[in-house]
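The block underneath contains the structure these notes are about, expressed in structure tokens.
The values are calculated or read from the model by the stated rules, or taken from the named source; none is laboratory data. Since the structure is predicted, the reported quantities are computational estimates derived from the model, not experimental observations. Cβ placement follows ideal geometry from the backbone for every residue including glycine, while neighbour counts extend to all protein chains displayed. Just so you know, the surface numbers come from the protein's heavy atoms only, side chains and all, with ligands and any DNA or RNA stripped out. Shrake-Rupley method; radii C 1.70, N 1.55, O 1.52, S 1.80 Å.
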Amino acid sequence: MDKPVLLLEKVTKRIDKQQIIHSVDFNLCQGQALALCGGNGAGKSTILRMIAGILQPSSGTIEVNGFSWKQNRQGYAEQIGYMPDDYLFGQGLSAEETLMFWASLRKVSKDRVREILRIVGLYKVKSKSVSSFSKGMRQRLLFAQALLTKPPVLIMDEPTNGLDPYWLESFISLVRSAKQEGHAVIFSTHQLQIAEAVADQVVFLKEGRIMEEGPVNTFYQKYGSSGLQGAFNRLFGLPTNGQSSGGDTIE
């Protein structure tokens with residue numbers, strides 16, 4: 001079995017004496033994608049922010065390529081690319097100027113910036129102000145900055161929010177390409193069809209606990225034709241008959 005690129009062992013998080021995450025364990029190997037699914041308040045973003053180093057776990061271990069945030073912050077940070085669910089961009093800056101700013105911090109060439117702008121479909125509007133961008137275009141720019149350094153682990157918090165159907169398909173293609181290039185990808189989503197299209201592993205969370213996890217095909221083995229939707233319906237006490245696995249019913 002391949003050595004995990006991302007490892008979480010008995011990870012917990014308490015905030016103001018409230019237990020947010022309860023002893024989470026999972027791992028992710030090179031070239032694989034893992035989807036965190038669940039309703040609002042399930043703990044998806046908290047887990048991703050801990051992996052990104054924005055939050056520190058109250059207990060447990062998180063390692064990326066053998067690096068620990070506590071022991072080697074720079075080495076750890078160099079292993080990850082992080083796409084938040086939203087970001088307040090600088091006023092007046094163009095898409096290219098914004099990406100060049102991030103590139104300068106990470107010592108990435110201008111050629112790489114232009115390559116990434118083409119990959120995410122923003123090259124033709126690279127000189128336009130980001131303040132004029134739609135939500136979907138801003139999401140693509142955030143996706144671009146996460147890919148700048150070709151990180152071993154790509155972390156994305158609700159990356160498909162605001163994307164139209166065309167760019168949902170493009171996102172699926174981009175993630176598949178990232179996997180083929182050896183990236184390990186972990187993302188949260190409320191859209192089960194996205195998880196089904198690109199994830200090798202799916203983790204269902206509820207109130208900070210892992211309720212079900214496994215490869216997509218195991219959910220079909222357990223829930224029949226309803227698959228991931230069946231798992232979600234059972235988790236939240238919804239009817240299981242006549243449901244489609246392709247809908248984005250998680251809010």
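Take every DSSP beta bridge whose two residues both sit in the chain; close to 55 percent of them are antiparallel. With each label modelled as a point 7 angstrom along the Cα→C-beta vector, the Tyr123-Leu238 pair spans 4.0 nm.
The charge dipole of the chain, taken about its Cα centre with unit charges on the Cβ of Lys, Arg, Asp and Glu (plus for the first two, minus for the last two), comes to roughly 600 debye.
Note on the chain: Kirkwood hydrodynamic radius from all Cα pairs is 18.7 Å, rounded to one decimal. I need the helices of the chain that pass two filters: whole DSSP H segments spanning 20 Å or more by Cα along the axis, and mean Kyte-Doolittle score no lower than -0.5. What comes out of the filter, once short or polar helices are dropped, is 165-180. Taking every DSSP beta bridge that has both ends in the range 82-198, the antiparallel portion is near 10%. With the Cα gyration tensor of the range 79-206 giving a ≥ b ≥ c as the square roots of its eigenvalues, does the rule (a/c under 1.5 for rounded; else a/b larger than b/c for prolate; else oblate) give rounded, prolate or oblate? Prolate, because a/c is 1.5 or more and a/b exceeds b/c.
Three principal axis extents describe the C-alpha atoms of the range 184-227; from largest down they are 25, 22, 18 Å. Taking the three principal axes of the alpha carbon atoms in the range 131-243, the coordinate ranges are 43, 31, 27 Å, sorted in descending order. Rounded, prolate or oblate: which fits the range 80-125, taking a ≥ b ≥ c as square roots of the Cα gyration tensor eigenvalues, rounded meaning a/c under 1.5, else prolate when a/b beats b/c? In terms of gyration-tensor shape, rounded.
Per-residue ellipticity at 222 nm computed for the chain from its helices equals -10500 deg cm²/dmol, with DSSP H segments shorter than 4 residues left out and the rest contributing -39,500 (n - 2.57). In terms of its C-alpha gyration tensor, the range 1-112 has a prolate overall shape, because the principal axis ratio a/c (a ≥ b ≥ c, square roots of the eigenvalues) is not below 1.5 and a/b outweighs b/c. Calculated accessible area for the chain comes out at 48 Å² per residue, all protein chains present (probe 1.4 Å; ligands, DNA, RNA ignored). Here the range 14-168 has 47 percent of its accessible surface on carbon and sulfur atoms, given a 1.4 Å probe and all protein chains in place. Considering only Gln201, Pro165, Gly182, the residue lying farthest towards the positive end of the dipole of the chain is Gly182, judged by Cα position with unit charges set on Cβ. For the range 64-197, a crude dipole built from +1 on the beta carbon of Lys and Arg and -1 on the beta carbon of Asp and Glu, taken about the Cα centre, is about 480 debye to the nearest 20. Label sites at Asp85 and Ser132, each approximated as a point 7 angstrom past Cα along Cα to Cβ, lie 3.0 nm apart. Local charge sum around Asn72 (other residues, Cβ-Cβ under 15 Å, Lys/Arg +1, Asp/Glu -1)? So the environment of Asn72 carries a net charge of 0. Basic side chains Lys and Arg get +1 at the Cβ, acidic Asp and Glu get -1 at the Cβ, and with that the dipole of the range 152-240 about its Cα centre reaches some 280 debye.
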